[in-house]
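Student: Mind having a look at this structure? Questions to follow.
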Amino acid sequence: MASTLSAPGGGPPSATLAILHVVSSLYRLSAGQTFADVFEIQGVLGTGSMGVVYRAQRLGAAEPLALKLMHPVLAADPKSVHRFEREARAGMSIHSRHVARVLEMGHDPISDQPWIAMELAQGSELTRFVEQNAPLSQAVAVTLLSQLFDALSAAHQAGVVHRDLKPDNIVVCSEGADQHPLLKVLDFGIAKSLTSATAMSTSPGQGTPLWTAPEQTRMDDVPSPTADVWALGLLTFYVLSGKIYWKHAHGQLSMVKLSMELVRDPIAAPTLRAEELGISYEFPPGFDDWFTHCVHRNPAERFVDATAAMGALMSMIDRRTRRRYRLWVPVYSDALSGGVAITHDVSDVGMLVLSRSAPQVGRRLSLRFALPPETGQPFEIAATVLRSSANDDDPQGLWPYKLALAFDVARTDLEPLLLRIHAESLD
């Protein structure tokens, strides 16, 4: 569950979860019912520690949404209501297309229940997406990670810490004719059931053990972006390798051994852990060090927030197996004011371009390469913005931004196109 930086999270004691589950089931709405005179209930999406989430539709509207209602027992507690409303306001303050948006909030006087209407992210949970598509191509993996880090960077900049990042709280949708993956972080985390806390379930106010930073188990823990950085490191390993990092989470599950590994055992380097798990994936150079600055039991040794972690990760991935070209060819995109020019440094991931504007990280672009008539027709390539920075090499300010872009095509498929326009190899 999300919480603000200024106040520690909380939630009902685990001993009351079964009671909440029973009571909420007695008040559960059925498909076809109308709530608060404006929402038609279509079904249950999930049940969490604070409430039930329904698939619903505002009367007269075309698009469905996710409607979260607070558990009736908790709705009688002013502190719980305050926390529920605080989380809604926090969600409204995050501006990223990769965060499921909070649309509105209110209170139904008839049932005396607070409610939150959220964007309905329709797609596959990250767990299912990875299982069905592993191993992910580098282009897809980089796209998902750039969108995930963009979502958390926006949250941290808004003063919000998620504190329960896990694959089940991340949905991979699709957009466009090419069904390109579009990631959404469910800011309020929809739990599947109110079960007792295990390695795979959520403990209210603490998060999910497999993905939760150690300090979150302490009663005096104050939310910090570094808690999300821990989870981001583990999620990056998961997206790249297709496997959960923790060794004892595989095979016959031993809660005792897993608990020891989570709390006390040395944290192995990702390259070593990949060998132990039989993973053949080759991490980019420097990944072990980057991972250590995310998954470190001392929060002070981690990256300070998602923005810092993302910058280091994308820079490292962008340097991997680079083959450099210099193209003196204009490139145009409707999403970029004034277009792009003088592209260069084409790598396995993508390229660095100069731009007059800086679109948001994770933004999808369609780039049109303009070719001289004698070399052939213009061609288009879809790409995703990995990062943006100031172009300090242009004192006149003609091209004030540098953008790192990830192509949808592999470098081997791109090279013939580059040769058509007589690109100059710098290697």
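FYI, it's all coordinate maths here, none of it is from the lab. Note that the coordinates shown come from a computational prediction; the quantities given were computed from them, not determined experimentally. Please note: Cβ atoms are built from the backbone with ideal geometry, for glycine as well, and neighbour counts cover all protein chains shown.
Student: Give me the distance in nm between label points sitting 7 Å out from Cα along the Cα-to-Cβ direction at Val44 and Met260, one decimal.
Tutor: Each label point lies 7 Å from its Cα, and together they span 3.9 nm.
Student: In the structure shown, do any of Lys243/Lys402; Lys184/Lys247; Lys166/Lys257 have a Cα-Cα gap over 31 Å, and if so which?
Tutor: Lys243/Lys402
Student: Take His107 and Val304, extend 7 Å from each Cα along the Cα→Cβ direction, and tell me the distance between the two endpoints in nm.
Tutor: Label at His107, label at Val304, 3.9 nm between them.
Student: Sticking with this one: I need the calculated FRET efficiency for the pair Asp393 and Ser315, taking r as the beta carbon distance and R₀ as 22 Å, to the nearest 0.05.
Tutor: Computed FRET efficiency for Asp393 and Ser315: 0.85.
Student: Could you sort 59-67, 89-97 so that the peptide with the highest average Cβ count within 10 Å comes first and the rest follow in order?
Tutor: 89-97, 59-67
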